[in-house]
Amino acid sequence: MILYSPQDGLLTLHTAHTTYQMELEPHGFLRHLYYGARTDNADFRYLHRNYDRGYSGNPAELRNDRSFSVDTMPQEYTGFNAGDFRTPSLRAVHADGSYAADLRYAGHEIVNGKYALPGLPAAFDRDGNAMTLIITLKDTATPLQVRLYYGVFEELDVITRATEIVNGGTDAVYLEKAASACMDIPFGKWELLHFHGRHCMERQAERVPLGHNAQTVESRRGASSHHHNPFVILCAPDTREYAGECYGFMPVWSGNHKTEVETDYLGSVRVVTGIHDSQFRWKLEPGQSFYTPEVLLSYSATGFSTLSHNYHDMIRYHICRSQYVGKPRSILVNNWEATFFTFDTERLLRIAREAAKLGVDLFVMDDGWFGTRNDDNSGLGDWFVDERKLPGGLRPLIEGVKELGMKFGIWMEPEMVNEDSDLYRRHPEWVLRAPNRAPMYCRNQLVLDMSREDVRQYLYDCFSTLLRDNEISYVKWDMNRSVSDMYSNALPADRQGEAGHRYVLGVYDLLERLTQTFPDVLFEGCAGGGGRFDAGMLYYTPQIWCSDDTDAIERLAIQHGTSFGYPAFTMGAHVSACPNQQTGRVTSMYTRGVVAMSGTFGYELDLNRLSDSEKDEVRLQIDAFKKVEALIRDGIYYRLNELEEQEFYSVWEFAARDGSEALVNLVVKHVLANAPLCHVRLKGLDPAATYRVEGSDSVYSGAALMSGGYTFPMLWGDYPSMQLRFMRVG
Ligand code: GLA
């Protein structure tokens, strides 16, 4: 609900459990008043008191009221060089060389439905309940305008924000910073929960206090990165999984991003989030608009779990467009860790045959099928089947897989090229590379200039032909290096600051064309595992390979961190061989299954190499997974133990939305002698119903399981685990 009260100049956004209020202040400033738990239509102007604060100046027309300063005012979107010394939202350079923007209210509109952002992924209105508020601000001295977009998803407690910057003048303006949103939280003590990592260890939850300084969560790697996920949470010091206040900020963006969290001299916290301003300089021609990516905001007064549920449902219903949302995904087997580059049709079919016998539905051929790709030094860019490995092309392999009753999937890495490829030999100008400068190599590959229409057309032609001519049900879209050398041969000198941004827009454009042309193909995103795991990619690819680390124990931390923002059905998770290829660790097949089932389940190994008893286990695992697949995909996910307990054990639950069942998973990472018992309280059950633990005679009431909880038996050995299915029986 969006309310406007003209007599007080108040704009109030209500969702089911939150309220967001701002004021069209009489001098034209857009003052942020409140974001937090749902209230009545209270006028929150009373919260803010002005005092004369030394060294915080006053606008010209208010010079005699020394208590009025934009430097101490909570704001919605700030200009630059106009009196607010905190982190700016915008930095624009005008034709006369001046750097300034003093933004004042010029009008607003409230419309039904959800705004869209040209060329960008953004939340969409699946059920016709969203509303949009657009506020126009104008610079006092130039024709620069800023339009602030607010999308209200009432039931999900999510408010989306995005910004359009319009050059209403006759000269070009250069944008050096264009954040999606600014949010001031003037009161309270806050901590930052963010998700950092590295290749093979993405999205590690880290909670740190805020000092009187600025902290940033950012990527300058051209992609959202393994290193800092574009999602942060501000939480009160006492916030836990099921209690306490927290705010989430999730940019819907897959490139360089930056979230700045600054505590000012009065203790007010400012969060500015969106694209990174490093190496960003956008020439905005007269009459043109620049649209920032969107950011999804949410607030919970009842802990991290509620916040996660808001994001999970937002992504499920309003970000992932794929028709596979809400539908069973195939159980797949991928040959990467089984064969790497060394395979031929027969070797792949051998894996597929065994997989079919065990109940796998989809065979995925990974890297190595094209060009002269015998290792990772050559071939990227030549998207034509290597007939030395696959004689007769893909057809015999696909036919063989189909005869086994399975579907076929394929790997591709559209954005990259090897110097040792026909494509590069033909088009060296198609890569990102500064003139007269050796590029940075990573896995011996270079990055195609996705800002170029001719590059995208080439890739579209290659992949649309591949998908049209072959029965391919699944695509793994990979991206295996950080992007550097951001220089495009297709852009003039004064637009080179646009190359990195246009690269991502180009990726989105190609994804848009391919996913729209082939809606029946299930696309899985990947970037060396989870190096581009973000809401922008999920708009196109409803699942993303969560990490190149398939070790079940390491995966616990990766999937736990990921779960704060993203639902389980978005996380690619596979059972792989032991000793694990990334860590050398040995875990039981059972534990590997429990962990991989909390995502889009599959296998990443040569099933022929398993012993007969292991094969029997796989068969049972697949049968078990099929029974709970819908629950994992569409149920509500609960983390049952706190972040600081994760070092020893991890417990999580999927509860059916109708209370009919729950799946509780425990993995002990570190067994202790004479250990305290592991006890949890279940969530999401019907208190009045009775539940039986599958495979046993134990029966409990929902109320008992949720209040008294459940005590696990003591588990022994290396990395033991337990998966319990509670079924409603009365
Ligand atoms: C990346 C992916 C892997 C695999 C390889 C192939 O690292 O994350 O799963 O596809 O590329 O080169």
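Below are the figures for this structure:
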| quantity | calculated |
| --- | --- |
| Test for L30: is it touching a residue at least 12 places away in the same chain (Cβ under 8 Å) and under 31 Å from the mean Cα position of the chain (by Cα) | yes |
| Selection within the range 429-476 - away from the ligand (no atom under 16 Å from the Cβ) and assigned to a strand (DSSP E or B) | V431, L448 |
| Selected residue (only one of P230, P209 is at pLDDT 95 or above, out of contact with any helix residue (DSSP H, G or I) (no Cβ under 6 Å at 6 or more places or on another chain) and open to solvent by less than 40 Å² (accessible area, probe 1.4 Å)) | P230 |
| Residue among V575, V586 that alone is over 21 Å from N335 (Cβ atoms) and either part of a loop (DSSP other than H, G, I, E, B) or touching a helix residue (DSSP H, G or I) at 6+ places or on another chain (Cβ under 8 Å) (or both) | V586 |
| Residue match in the range 548-564 (condition: out of contact with any Pro (no Cβ under 8 Å at 6 or more places or on another chain), polar (S, T, N, Q), touching a residue at least 24 places away in the same chain (Cβ under 8 Å) and more than 30 Å from E647 (Cβ to Cβ)) | no |
| Search result, residues across the range 36-62 that are among the hydroxyl-bearing types (S, T, Y) and either crowded, with 16+ Cβ neighbours inside 10 Å or in a loop (DSSP other than H, G, I, E, B) (or both) | T39, Y51, Y55, S56 |
| The range 652-693, residues that are basic (K, R) and more than 20 Å from F304 (Cα to Cα) | K669, R692 |
| Members of the range 122-173 found to be open to solvent by 40 Å² or more (accessible area, probe 1.4 Å) and touching a Ser or Thr at 6+ places or on another chain (Cβ under 7 Å), listed by number | Q145, R147, E154 |
| Filter result for the condition that a residue is assigned to a helix (DSSP H, G or I) and either among the acidic types (D, E) or modelled with pLDDT of 95 or more (or both), over G392, G500 | G500 |
| Residue satisfying condition, being in a strand (DSSP E or B) and either touching a Leu at 6+ places or on another chain (Cβ under 8 Å) or open to solvent by 10 Å² or more (accessible area, probe 1.4 Å) (or both), within set K177, K189 | K177 |
| Hits in the range 255-275 - residues which are among the acidic types (D, E) and open to solvent by less than 20 Å² (accessible area, probe 1.4 Å) | D264 |
| Condition check for D520: open to solvent by 10 Å² or more (accessible area, probe 1.4 Å), outside any helix (DSSP H, G or I) and within 16 Å of the ligand (Cβ to nearest atom) | no |
| Filtered residues of the range 192-233 (kept if assigned to a loop (DSSP other than H, G, I, E, B) and farther than 26 Å from D549 by Cα) | L210, G211, H212, N213 |
| Residue within the range 583-592 that is at pLDDT 95 or above, in contact with a Ser or Thr (Cβ under 8 Å, 6 or more places away or on another chain) and closer than 30 Å to G303 by Cα present | yes |
| Within the range 344-365, tally of residues that are touching a residue at least 60 places away in the same chain (Cβ under 8 Å) and within 16 Å of the ligand (Cβ to nearest atom) | 3 |
| Residue in the range 540-559 that is within 16 Å of the ligand (Cβ to nearest atom), part of a loop (DSSP other than H, G, I, E, B), under 20 Å from H318 (Cβ atoms) and not aromatic (F, W, Y) present | yes |
| Residue within the range 389-397 that is under 21 Å from E604 (Cβ atoms) and surrounded by 23 or more Cβ atoms within 10 Å (Cβ to Cβ) present | yes |
| Output for the range 636-655, where each listed residue is farther than 21 Å from A596 by Cβ and within 24 Å of the chain's Cα centre (by Cα) | E642, L643, E644 |
| Selection from the range 276-298 of residues that are among the β-branched types (V, I, T) and either within 23 Å of C246 (Cα to Cα) or open to solvent by 10 Å² or more (accessible area, probe 1.4 Å) (or both) | V295 |
| Flag if L117 is in contact with a Lys or Arg (Cβ under 7 Å, 6 or more places away or on another chain), open to solvent by less than 40 Å² (accessible area, probe 1.4 Å), aliphatic (A, V, I, L, M) and modelled with pLDDT of 95 or more | no |
| Residue that is modelled with the lowest pLDDT [pool: residues in the range 81-104 that are outside any loop (DSSP other than H, G, I, E, B) and surrounded by fewer than 22 Cβ atoms within 10 Å (Cβ to Cβ)] | Y99 |
| Unmet requirement for P414, which otherwise passes all of (1) open to solvent by less than 70 Å² (accessible area, probe 1.4 Å); (2) free of Cβ contacts under 8 Å to residues at least 60 places away in the same chain; (3) part of a loop (DSSP other than H, G, I, E, B); (4) of a type outside the set (S, T, N, Q) | (2) |
| All positions within the range 666-682 that are in contact (Cβ under 8 Å) with a residue 24 or more places away in the chain, under 30 Å from R585 (Cβ atoms) and either open to solvent by less than 50 Å² (accessible area, probe 1.4 Å) or part of a loop (DSSP other than H, G, I, E, B) (or both) | L666, V667, V668, K669, V671, L672, A675, L677, C678, V680, L682 |
| Matching option when the condition is surrounded by fewer than 23 Cβ atoms within 10 Å (Cβ to Cβ) and within 16 Å of the ligand (Cβ to nearest atom), among D623, D634, D606 | D606 |
| Pairs with Cβ under 9 Å, 6+ apart, first in the range 142-168 and not assigned by TED's automatic domain parsing to the domain that holds S300, second modelled with pLDDT under 95 and surrounded by fewer than 24 Cβ atoms within 10 Å (Cβ to Cβ) | none |
| Unmet criterion (only one of (1) open to solvent by less than 40 Å² (accessible area, probe 1.4 Å); (2) without any contact (Cβ under 8 Å) to a residue 60 or more places away in the chain) for S660 | (2) |
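Each row is one residue, and each column tells you yes or no for (1) away from the ligand (no atom under 16 Å from the Cβ); (2) at positive phi; (3) in contact with a helix residue (DSSP H, G or I) (Cβ under 9 Å, 6 or more places away or on another chain).
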| position | (1), (2), (3) |
| --- | --- |
| V325 | yes, no, yes |
| D367 | no, no, yes |
| R373 | no, no, no |
| V385 | yes, no, yes |
| L390 | yes, no, yes |
| H427 | yes, no, yes |
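The values are calculated or read from the model by the stated rules, or taken from the named source; none is laboratory data. Here the structure is a predicted model, which means the values were calculated and not measured. Glycine also receives a Cβ, built like all others from the backbone with ideal geometry; neighbour counts cover every protein chain displayed. Note: areas computed on protein heavy atoms with side chains; ligands, DNA, RNA excluded. Shrake-Rupley method; radii C 1.70, N 1.55, O 1.52, S 1.80 Å.
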